[in-house]
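The values are calculated or read from the model by the stated rules, or taken from the named source; none is laboratory data. All values reported here derive from a predicted model rather than from experimental measurement. Note that each Cβ is placed from the backbone with ideal geometry, even for glycine, and that neighbours are counted across all protein chains shown.
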Amino acid sequence: MTTTAPAGEDRLTGEQRELRARAREFVEEVLMPLELEAERLGGRLPAERIAMIREAAIARRLNGGRHAVEHGGQGWTMLEWFLVNEQFGRVTNALHWHVPNAYNVLASGTTEQIDRWLAPALRGEAGGDAYAVTEALAGSDATAIETTARRGDGGWVIDGEKWFVTSGDVAAVLIVMALALVDGERLPTLFLVEPNAPGVEFVEDPQFTHNYPHGHPTIRFTGVEIAPEAVIGAVGDGEALQRTWFTEERLGIATHGLGAMWRLLDETTAWACERVQGGSRIIDHQGISFPLADSATDATAGRLLALHVAELIDAGADVKLIHAKASMSKLFVSEAAGRCADRAVQAFGGRGYMRSNVAERFNRELRVDRIWEGTSEIQRLIIARALERRGVERTIQ
Ligand SMILES: Cc1cc2nc3c(=O)[nH]c(=O)nc-3n(C[C@H](O)[C@H](O)[C@H](O)COP(=O)(O)OP(=O)(O)OC[C@H]3O[C@@H](n4cnc5c(N)ncnc54)[C@H](O)[C@@H]3O)c2cc1C
């Protein structure tokens, strides 16, 4: 495999370069050798392999990324998180999902919630968390959710059904967005629900295009009683917490997409320089070299945009501006990575259609990045709203 020098090198401290090198070594030595096995097994590696990945990630201090050191995380800046996630994105089959981590909203929990759910997840001891907002009638419009939480016998009672709950099949705790019915109001609130609580039913575990480590089941909640303290933050904090979740998830998708483009360029360039047809290397045909040039341009532009967002977050910029910029980076990179994977398949010819080929796998896997955490259309709505409300100059600079 050839290597490409990452942009923005001069911005990094020695420690940040060391962190990136550590993440890269982990990805290349531990995760990449498992890609084909994961693909063959529909994404589900045997337990001993998962344990090995977790141990290796913890030994290399790659678990818990942005979470605070006192909670068992690494306390990375967003730039440092970016550098590691870009490496994680270079691997197919989402094998980095096995690196112990948890959604950022858990850090807003009480000390007891952190000790019970967050810290064990970062140590890789429990099944981690899953985040459930989407419903049958509430997808792009998350405000249309109908799941409710009413006051019960000293606690809350949850009723509703959530769709596409990523990792819901393995999670130790479900983070459920529901409308808390309080004094005639319907207040969006995040609740912690244990998957084995009476009234939690796994309705379906559908198959999807990718072969990833976990499923995305449909989960129904019927009169599920939970304790009064099973709320993250305060009642009514759900939307604000969810915005911080979306921002990080969207930038994460962009960052993984950049890693994917990096790997696709590495593999496709090497192949195009080596493959000879009709007496010349295929890279000498512009039909092959020009799409590669377009992919390199996409990768570089996307990287600068996502780095810009990471640096804005580290600088404590206005959260609304960051929200719009995170949408831009997710929109641009998810679409660019899709184009890049499609071009790579074409450059590999018939080999690009084999599941053993990285371009084939990425071509399937990257598709969902234009759908989850808000479709491309929803990102465009957010960006257009920023233009309208905050003006062109603030939005694009
Ligand atoms: C593999 C996978 C994993 C997922 N994981 C999770 C998870 O862990 N937790 C979770 O809560 N959800 C999860 N989701 C759900 C995901 O976030 C939604 O699928 C996504 O937000 C789109 O919602 P929808 O599928 O209902 O499509 P819809 O909202 O029905 O949209 C259908 C189409 O209409 C377009 N559209 C909708 N509204 C507008 C508009 N106003 N303007 C223009 N176009 C519009 C959309 O862009 C889309 O093209 C997951 C989905 C998948 C596929």
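Could you tell me whether residue 266 is surrounded by fewer than 20 Cβ atoms within 10 Å (Cβ to Cβ) and touching a residue at least 40 places away in the same chain (Cβ under 8 Å)? Can you show your working first?
Values: surrounded by fewer than 20 Cβ atoms within 10 Å (Cβ to Cβ): yes; touching a residue at least 40 places away in the same chain (Cβ under 8 Å): yes.
Criteria met by residue 266.
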query: Scanning segment 122-135 for residues that are aliphatic (A, V, I, L, M) and more than 8 Å from the ligand (Cβ to nearest atom), which turns out surrounded by the most Cβ atoms within 10 Å (Cβ to Cβ)?
result: 122
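Based on what the data block shows, is residue 106 under 20 Å from residue 240 (Cβ atoms), surrounded by 19 or more Cβ atoms within 10 Å (Cβ to Cβ) and away from the ligand (no atom under 16 Å from the Cβ)?
Numbers: under 20 Å from residue 240 (Cβ atoms): yes; surrounded by 19 or more Cβ atoms within 10 Å (Cβ to Cβ): yes; away from the ligand (no atom under 16 Å from the Cβ): no.
No; evaluated as a whole, the condition is false for this residue.
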task: For segment 159-173, enumerate the residues that are touching an Asp or Glu at 6+ places or on another chain (Cβ under 7 Å), more than 7 Å from the ligand (Cβ to nearest atom) and not small (Gly, Ala, Ser).
output: 161, 169, 173
field: Failed criterion for residue 229 (all others in (1) outside any helix (DSSP H, G or I); (2) modelled with pLDDT under 95; (3) within 30 Å of residue 47 (Cα to Cα) hold)
entry: (3)
- prompt: Does any residue of segment 199-206 turn out to be assigned to a strand (DSSP E or B), away from the ligand (no atom under 14 Å from the Cβ) and of a type in the set (Phe, Trp, Tyr)?
  reply: yes
- line: Residues of segment 352-367 being within 15 Å of the ligand (Cβ to nearest atom) and surrounded by fewer than 20 Cβ atoms within 10 Å (Cβ to Cβ), in sequence order, are 364, 367
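Could you please let me know if residue 222 is modelled with pLDDT of 95 or more, among the β-branched types (Val, Ile, Thr) and surrounded by fewer than 16 Cβ atoms within 10 Å (Cβ to Cβ)?
Numbers: modelled with pLDDT of 95 or more: yes; among the β-branched types (Val, Ile, Thr): yes; surrounded by fewer than 16 Cβ atoms within 10 Å (Cβ to Cβ): yes.
Here the answer is yes, as residue 222 does meet what is asked.
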- prompt: For segment 136-150, how many residues meet the condition of being more than 8 Å from the ligand (Cβ to nearest atom) and either under 17 Å from the mean Cα position of the chain (by Cα) or in a strand (DSSP E or B) (or both)?
  reply: 3
- prompt: Taking segment 49-99, which residues are among the polar types (S, T, N, Q), within 21 Å of residue 118 (Cβ to Cβ) and touching a residue at least 24 places away in the same chain (Cβ under 8 Å)?
  reply: 63, 77, 85
query: Here are 153, 183: which of them is more than 14 Å from the ligand (Cβ to nearest atom), in contact (Cβ under 8 Å) with a residue 12 or more places away in the chain and loosely packed, with under 15 Cβ neighbours inside 10 Å?
result: 153
query: Taking residue 291, is it outside any helix (DSSP H, G or I) and of a type outside the set (A, V, I, L, M, F, W, C)?
result: no
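From the list 375, 395, pick out the single residue that is among the polar types (S, T, N, Q), away from the ligand (no atom under 12 Å from the Cβ) and surrounded by fewer than 23 Cβ atoms within 10 Å (Cβ to Cβ).
On the way: 375 fails: away from the ligand (no atom under 12 Å from the Cβ).
The unique qualifying residue is 395.
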